[in-house]
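Notes for the one structure printed next.
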Amino acid sequence: MTGILALDQGTTSSRAILFDAQGRIKAAARREFPQYFPRAGWVEHDPLEIWESQAAVMAEVGRAGEVAAIGIANQRETTVIWDRATGEPIHRALVWQDRRTAEVCDRLRADGCEEMVARKTGLRLDPYFSATKVAWILDRVEGARTRAKAGELAFGTVDSWLVWKLSEGRLHLTDASNASRTLLFNIHTGEWDDELLNLFGVPRVMLPEVRGSSEVYGEASVDGVRGVPIAGIAGDQQAALFGQAGWRPGDAKNTYGTGCFLLLHTGEQAVASKNRLLTTVAWRIGDRTEYALEGSVFIGGALVQWLRDGLGLIEQVSDIEALARSVEDSGDVYLVPAFAGLGAPHWDPYARGLLVGLTRGTTRGHVARAALDAIAFQVADVMDAMREDSGIDLAALRVDGGAAVNDLLLQIQADLLGVPVVRPAVNETTALGAAYLAGLAVGYWKDRDAIAANGSTERRFEPVLPADQAASRRARWRDAVRLAGNWAADRS
């Protein structure tokens with residue numbers, strides 16, 4: 001059996017999935033890796049542990065059949081800097097959730113830099129993105145900035161790190177979708193931008209080469225996949241949009257992963273947001289760049305993990321649905337999961353988590369229900385902003401990601417949005433999108449029409465909650481968000 005191997009490197013785990021020509025999963029493996037929280041608001045990964053977990057599942061799945069090509073989807077913005085000679089990271093990776101550079105972003109905003117940054121990158125000045133993370137590492141690891149200017153250090157997001165390791169240091173590259181998440185890339189010219197590099201203090205010599213999202217970059221050089229073409233790369237959310245066949249302007253999907261990420265395809269036009277959303281490269285294939293509007297919610301499925309690991313309310317993530325169904329509703333309890341600030345459309349790095357509305361009658365079930373509500377409320381906030389920016393009223397929302405297996409969550413989402421929510425037969429659409437990009441590059445699939453024939457729907461959730469009740473619940477949610485806002489700001 002021949003298939004396409006997708007490496008889906010996420011925030012909490014690494015996956016490897018082998019897909020056949022019909023887009024079906026033939027083999028899969030998953031491994032979690034450690035999360036590090038040195039201080040409040042700081043989140044780190046060990047790049048070597050990322051690679052070890054990814055290599056382990058890759059080896060396991062690679063034995064299941066002949067691999068025609070490798071595609072990569074990755075957690076975005078997470079920043080890795082390593083020694084070009086030894087391949088050793090000089091610091092732990094700073095994860096996209098990390099907020100340690102919030103004050104840097106504040107200063108740049110106060111200096112009037114945000115308009116220029118937004119115009120060139122489609123992004124906002126926020127510690128979410130890579131640029132301030134790169135500068136933080138260079139300024140705090142002894143000798144790092146001097147070595148970076150001398151060309152001794154390499155920077156990359158996780159895709160670049162994986163390609164470097166797969167090729168044993170022969171390839172240092174990224175694709176346009178990942179480059180567009182760094183605050184260093186001009187999404188209109190398709191190149192690294194000197195004005196941005198100077199603003200953030202990042203030496204050009206340490207940057208990866210920017211390539212398309214579907215092309216043969218080179219061959220893997222590690223055991224198990226030696227000689228296999230590395231042929232597709234996309235940030236995980238763009239990969240999920242591609243895997244959902246979201247190729248037409250107006251197509252939208254939401255991924256319920258560690259965070260929630262809603263993308264709306266806007267074609268070859270980079271639509272500037274008036275509602276604090278992001279304009280991002282969806283993918284670049286050949287000489288054609290396609291764009292998307294994106295709303296990023298920092299805490300989605302991670303909220304359920306916190307109920308398990310932080311509060312001990314559940315033993316397994318899958319227990320959340322039964323516990324939440326034990327009550328009719330949240331009992332007017334609202335949970336704002338601003339553990340790492342709030343993303344779109346609020347963009348408040350100083351917001352912090354809030355649980356409000358508690359009474360003596362509040363139970364574990366009410367808290368569980370409030371957690372699922374919180375995920376859906378955040379997505380609905382983003383959808384409102386997206387409708388305003390695009391002028392498009394969506395007919396349906398396509399969904400995927402680990403938390404999309406939760407029927408109650410998707411029913412709550414449909415009720416709050418007032419539109420159907422559609423779950424595909426293959427939920428691993430992030431990995432599938434990476435596989436499709438790689439397979440197109442090597443001719444495994446002839447064209448997008450051949451891919452579209454693979455699509456199918458597993459379930460469709462229709463809204464049942466009256467619109468006035470949905471509006472009332474959302475107004476109450478907005479009250480809770482206001483209470484959580486700006487909580488961690490310096491009050492001295």
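The values are calculated or read from the model by the stated rules, or taken from the named source; none is laboratory data. The structure displayed is predicted, hence computed values, not measured ones. With ideal geometry, Cβ positions are generated from the backbone for all residues, glycine too; neighbour counts draw on all protein chains shown. Accessible surface is based on the protein model in full, side chains and every heavy atom, while ligands, DNA and RNA are left aside. Shrake-Rupley method; radii C 1.70, N 1.55, O 1.52, S 1.80 Å.
Of all the residues in segment 70-96, those that are part of a strand (DSSP E or B), of a type outside the set (D, E, K, R) and either at pLDDT below 95 or open to solvent by 10 Å² or more (accessible area, probe 1.4 Å) (or both) number 1.
When Ala234 is tested against (1) touching a Leu at 6+ places or on another chain (Cβ under 8 Å); (2) open to solvent by 20 Å² or more (accessible area, probe 1.4 Å), just one condition goes unmet, and that condition is (2). Being buried (at least 18 other Cβ atoms within 10 Å of the Cβ), within 30 Å of Ser14 (Cα to Cα) and in contact (Cβ under 8 Å) with a residue 40 or more places away in the chain narrows it down to one residue among Ala441, Ala484; which is it? Just a single option satisfies the conditions, and that option is Ala441. State whether the residues of segment 470-477 include one that is modelled with pLDDT under 95 and either open to solvent by 40 Å² or more (accessible area, probe 1.4 Å) or polar (S, T, N, Q) (or both). Looking through segment 470-477, none of the residues is modelled with pLDDT under 95 and either open to solvent by 40 Å² or more (accessible area, probe 1.4 Å) or polar (S, T, N, Q) (or both). Would you mind stating whether Gly10 is at pLDDT below 95 and either under 16 Å from the mean Cα position of the chain (by Cα) or β-branched (Val, Ile, Thr) (or both)? In short, yes.
For the condition open to solvent by 10 Å² or more (accessible area, probe 1.4 Å) and over 30 Å from Val422 (Cβ atoms), Trp192 qualifies.
Candidates are the residues of segment 237-272 that are within 20 Å of Tyr444 (Cα to Cα) and of a type in the set (Phe, Trp, Tyr); the one that is surrounded by the fewest Cβ atoms within 10 Å (Cβ to Cβ) is Trp247.
The set of residues in segment 281-290 being open to solvent by 10 Å² or more (accessible area, probe 1.4 Å) and within 15 Å of Ala438 (Cα to Cα) consists of Arg284, Ile285, Gly286. Applying a threshold of 9 Å to beta carbon distances and a minimum spacing of six or more residues, or different chains, the list of pairs starting in segment 452-463 at a residue that is at pLDDT below 80 and ending at one that is among the hydroxyl-bearing types (Ser, Thr, Tyr) reads Asn454/Tyr436. For segment 196-244, the strands (runs of 3 or more DSSP E) that sit wholly inside it and include 3 or more residues that are hydrophobic (A, V, I, L, M, F, W, C) are 229-235. Taking the criterion of being of a type outside the set (S, T, N, Q), open to solvent by less than 10 Å² (accessible area, probe 1.4 Å) and in a helix (DSSP H, G or I), the residues of segment 30-57 that qualify are Pro47, Ile50, Val57. For segment 291-312, filtered to residues that are open to solvent by 30 Å² or more (accessible area, probe 1.4 Å) and free of Cβ contacts under 8 Å to residues at least 60 places away in the same chain, the residue that is nearest to Leu278 (Cα to Cα) is Trp306.
Taken over segment 413-438, the criterion of being closer than 16 Å to Arg24 by Cβ and free of Cβ contacts under 8 Å to residues at least 40 places away in the same chain is satisfied by Ala425, Asn427. Here Gly227 meets the list (1) open to solvent by less than 10 Å² (accessible area, probe 1.4 Å); (2) out of contact with any Ser or Thr (no Cβ under 6 Å at 6 or more places or on another chain) almost entirely, failing just condition (1). Every condition in (1) modelled with pLDDT under 95; (2) within 19 Å of the chain's Cα centre (by Cα); (3) surrounded by 19 or more Cβ atoms within 10 Å (Cβ to Cβ) is met by Val405 except one, and the failing one is (3). Taking the conditions (1) of a type outside the set (D, E, K, R); (2) open to solvent by less than 10 Å² (accessible area, probe 1.4 Å); (3) in contact with a Phe, Trp or Tyr (Cβ under 7 Å, 6 or more places away or on another chain) in turn, Ile25 satisfies each one other than (2). Counting only residues that are open to solvent by 10 Å² or more (accessible area, probe 1.4 Å) and of a type in the set (Asp, Glu), how many does segment 330-375 have? Selection size over segment 330-375: 2.
Among the residues of segment 119-146, the ones that are crowded, with 24+ Cβ neighbours inside 10 Å and on the phi > 0 side of the Ramachandran plot come to 1 in all.
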